Amino acid sequence: MTGETESTILASPPRLNRGTLLVVDDEEGARLSLRVIFKDDYEVLVAPDGATAIELVQQHKVDVAIVDIRMHGMSGVEVLERIKFIDPTIEVLMITAFETTDTIRQALRLRACDYINKPFDIPTLRSAVSGAIQRRSLDTEIFNNVEKLHQLYSELQSLRMESQMAQTRGDIYASIIHDINGPLTVISGFLQLINQRIHNQETLDAEGLGFVKDRLRTMTRQVTNCIEISRRYLSFLRRQPGEFSRIGVNQLFSDLEHLVRVHPSLHGNEFVVQPLTQDVGVNINGTDLIQVLLNLTVNAFQAAPMPHRVEISGETLTEPLVLTTFKDGLTERLLNVESFHNFAPLVRVSVRDNGPGIPPEVLPKIFQPYFTTKDARQGTGLGLNIVQRLVREAGGALHVRTEAGVGTEFTVFLPATPLAK
Ligand SMILES: Nc1ncnc2c1ncn2[C@@H]1O[C@H](COP(=O)(O)OP(=O)(O)OP(=O)(O)O)[C@@H](O)[C@H]1O
Ligand SMILES: [Mg+2]
């Protein structure tokens, strides 16, 4: 025993990259001989009882424990169980003497990796410990790699989220500019009109004053619109859900009509609004629905260069939609089905034109952001993408049906609500 004592629990100062072995045995002779056998290959910790063993496992990174199954006080099986509770990856070898197979089986069930009979056969013991150390380092490597993979994965996730947020922010800025463009065009047209009217005039007669006042009223409406649009998008950026106001559909139709009547895209086109026979509320922000309908109406006007007819109509539906009657195909598409609140009552709002229709090769692309068949001055390709998004956020569905030479109809289905008192 070359003067080995238990004055220090740590057999030799820790060196890097050596496995750590814990010997738990209440027999001093066994502890000392195990320490002698392994001290040159591993850091060896020794514990005379279960409580000390548990303490050592808590304080050190133990790789393999050799635990005597039969000990006074805390039994070897209990020590095994508690070691595995602290660190399930520690390999535990049981030392057995005259144990029943039941005890050994119990130890193996508790995930002891092997058992060795006393008195030890040193080569068997060495090979069992070295096998356990190897398994343990492989486990640690796998564990570290899995950890690294998790870390990489979460870094990738946050990078993806950041880039998605940047993209969303970009989309939102583009949407603000797109939506504000309409009201600004109206304001700019009216400013020109007023300018022409008062140019070279020192004073205004009653009629001139009335003219200016009337245009100023419309311009004020448009400025309010611009402010609401930017407020809406800014609240998206701040991730606040859009406030829903239960506004009557017919009231929104009439607001829209005011806007369209002065919109340059009206040209010489015919524009008809068919209100609901009985007004009803919709669960969508009022500016959002106007924006949806304005985008659809402007598209309808722009569908053909020659004068044509655009009609907006609405209806309350007392039954949910039978979705199977809609078929995605060359002339028809239904969008937002997954998020659609298909519960009656619903409101149907349609924008129909008798333009040339949408060609079958174009139809699948029209809702993609930045897809346009118009020249750069007329279209950015964002209109329908915004429409789809706003309708989706309100739990609505969007349908388009088109026929070459006959025209196109876009229909928005939204959950209806009682009118606000
Ligand atoms: N009523 C319609 N009739 C025929 N084609 C249409 C109609 N509505 C949309 N489209 C087609 O769908 C495309 C995409 O429309 P969208 O509103 O997204 O963009 P845009 O009108 O081209 O540009 P923006 O609305 O951004 O100014 C249009 O370029 C056009 O080809
Ligand atoms: Mg458009």
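Every read-out reported here was derived from the displayed coordinates using simple, explicitly stated rules and does not represent laboratory data. Just so it is clear, the structure is predicted and the values come from calculations on it, not from any experiment. Virtual Cβ from ideal backbone geometry, glycine too; neighbours counted across all protein chains shown.
Can you compute the modelled spin-label distance between Q196 and R135, with each label point 7 Å from Cα toward Cβ, in nm?
With each label point 7 Å from Cα toward Cβ, the separation is 9.2 nm.
In the Gaussian network model of the chain, springs joining C-alpha atoms below 10 Å, which of F326, F38, F410 carries the largest mean-square fluctuation?
F38
Using only the C-alpha atoms of the stretch 183-231, find the volume of their convex hull and express it per residue in Å³.
Convex hull of Cα atoms, per residue: 61 Å³.
Given springs between every Cα pair under 10 Å in a Gaussian network model of the chain, which of R261, R35, R231 has the largest fluctuation?
Among R261, R35, R231, the largest mean-square fluctuation in the Gaussian network model of the chain belongs to R35.
Please build a GNM for the chain, connecting alpha carbons under 10 Å apart, and tell me which residue among N385, N225, N117 fluctuates the most.
Of the options given, N117 has the highest mean-square fluctuation.
Taking Cα atoms of the chain, Rg/Rh with Kirkwood Rh, to two decimals?
1.39
What FRET efficiency do you get for T325 and V406 if R0 is 25 Å and r is their Cβ-Cβ distance, rounded to the nearest 0.05?
My answer for the efficiency is 0.80.
Within the set of other residues whose C-beta is less than 15 Å from the C-beta of L209, count the net charge using Lys and Arg as +1 and Asp and Glu as -1.
Combined, the nearby Lys, Arg, Asp and Glu give 0.
Could you give the nm distance between label points at T101 and A344, where each point is 7 Å from its Cα heading toward the beta carbon?
7.3 nm
Taking K365 as the anchor, which aspartates and glutamates have their alpha carbon closer than 16 Å to its alpha carbon, excluding any fewer than eight residues away along the same chain?
Correct list for K365: D328, E332.
Just the Kirkwood number for the stretch 267-407, please: inverse of mean 1/r across all distinct Cα pairs, in Å, one decimal.
The answer is 15.9 Å.
With a cut-off of 8 Å between alpha carbons and a minimum separation of six or more residues, what is the relative contact order of the stretch 26-86 in percent?
Once divided by the residue count of the stretch 26-86, the mean separation gives 32 percent.
Rounded to the nearest 5, what is the percent of antiparallel bridges among the DSSP beta bridges in the chain?
60 percent
Whole-Hz ³J(HN,Hα) for each residue in the stretch 84-97, computed from phi via Karplus 6.51 cos²θ - 1.76 cosθ + 1.60 with θ = phi - 60°, x for glycine and proline: what do you get?
Those phi angles translate into 5, 5, 6, 8, x, 8, 5, 7, 10, 9, 9, 9, 10, 10 Hz.
Modelling each spin label as a point 7 Å along the Cα-to-Cβ direction, I'd like the S230/T417 distance in nm, to one decimal.
Each label point lies 7 Å from its Cα, and together they span 2.7 nm.
How long is the gain from T372 to N181 if the chain were fully straight, where each residue apart is worth 0.36 nm and the alpha carbon distance is subtracted?
Gain in length upon complete extension: 67.1 nm.
With each run of n ≥ 4 DSSP H residues scored as -39500 (n - 2.57), what mean residue ellipticity at 222 nm is computed for the chain after dividing by its residue count and rounding to the nearest 500 deg cm²/dmol?
-16000 deg cm²/dmol, from helical runs alone.
Over the chain, what is the mean sequence separation of C-alpha contacts under 8 Å (at least six apart), divided by residue count, expressed as relative contact order in percent?
Value for the chain: 10 percent.
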